[in-house]
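The structure appears right after this line, and notes come after that.
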Amino acid sequence: MAEDSSKTKQKQAEPGDNVKMPDIVELWKELYFNTEESWASATRELIASKSFINVLDQIRDQYLSLYEVSQQNMDQLLEANPLPSKRDVARIAELIIGLEDKIDDFDLHFANNISKLTSSMIKLVEFQELMKQEISELKQQNASISKRFDTVNRKLDNINKRFDTVNRKLNAVARAQEHESGGDKPATTFEKEQKEK
C-alpha cells in the first residue's frame with residue numbers, strides 16, 4: 001500500500017499531468033454555512049445573557065462619562081482660547097438670521113411707507129391743483145361781483161345826482177312859491193333833511 005500511495009503521488013507530480021487546484025471560494029462557502037448555525041446560537045446566548053447586558057451598560061456609562069469630561073475640557077479650552085464654540089457660532093447665526101429678518105421687515109415697511117407717502121404727495125398735488133382752480137374761479141367771481149358793484153354804485157350815483165337835481169328843483173319851486181305867497185312857510189321835512197346833510 002505504501003508503494004501504491006507513493007506511485008499515486010509520483011503520478012500526480014509528473015509534469016505532463018494536469019494538477020487540480022481546490023476552489024477557495026467553494027471552501028469558504030462550505031466553512032461559512034457549516035459554522036453559521038453554531039455561531040448564530042452562540043451569539044444569541046451571549047446577547048441574551050445578563051453579563052453581556054451589564055457589559056453594554058458599563059460601556060455606555062463609560063462612554064457618556066468620557067463624553068461629558070471631554071465636553072467640559074473642550075469648553076474650558078475654548079473659554080481659555082479665543083476660539084468660538086459651536087454654540088457661539090450657532091448663537092451668532094441665530095442673531096444674524098434675526099437681523100436679516102428685521103432688515104427685511106424694515107425694507108418692507110420702508111417700501112410701504114414710501115408708497116403711502118408718494119400716494120399722499122400725489123393726492124396733495126391734485127388737491128393743490130384743485131385749490132388753484134377754485135381760487136382762480138373765486139377771483140373771477142370776485143372780479144365779476146366787483147364789476148357789478150361798480151355798476152350798481154354808478155347807477156346809485158346817477159340816482160343820487162337825479163335826486164339832488166330833483167331836490168334843488170323842488171327847493172327852487174318851494175322858494176318861488178314862498179316868495180309869491182309873501183310869507184315864511186315852515187320848512188318841509190324833506191328840506192330839513194337836505195339842510196342837515
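FYI, it's all coordinate maths here, none of it is from the lab. Everything numeric in this text was worked out from a predicted model, so none of it was measured. As a convention, Cβ positions derive from the backbone with ideal geometry for all residues, glycine included, and neighbour counts pool all protein chains shown.
About the Cα centre of the range 53-180, what is the dipole size in debye to 20, counting +1 per Lys and Arg Cβ and -1 per Asp and Glu Cβ, all else neutral?
For the range 53-180, the charge dipole is close to 2160 debye.
How large is the dipole of the range 22-83 about the Cα centre if only Lys and Arg carry +1 and Asp and Glu carry -1, each at its Cβ, rounded to the nearest 20 debye?
Magnitude of the dipole: close to 180 debye.
Translational diffusion coefficient, Stokes-Einstein: compute it for the range 22-83 using the Kirkwood radius over C-alpha pairs as Rh, at 20 °C and 1.002 mPa s, and state it as an integer in µm² s⁻¹.
The calculation lands on 135 µm²/s.
Rounded to the nearest 0.05, what FRET efficiency is calculated for LYS147 and GLN177 with R0 set to 45 Å and r the Cβ-Cβ distance?
According to the calculation, E is roughly 0.50.
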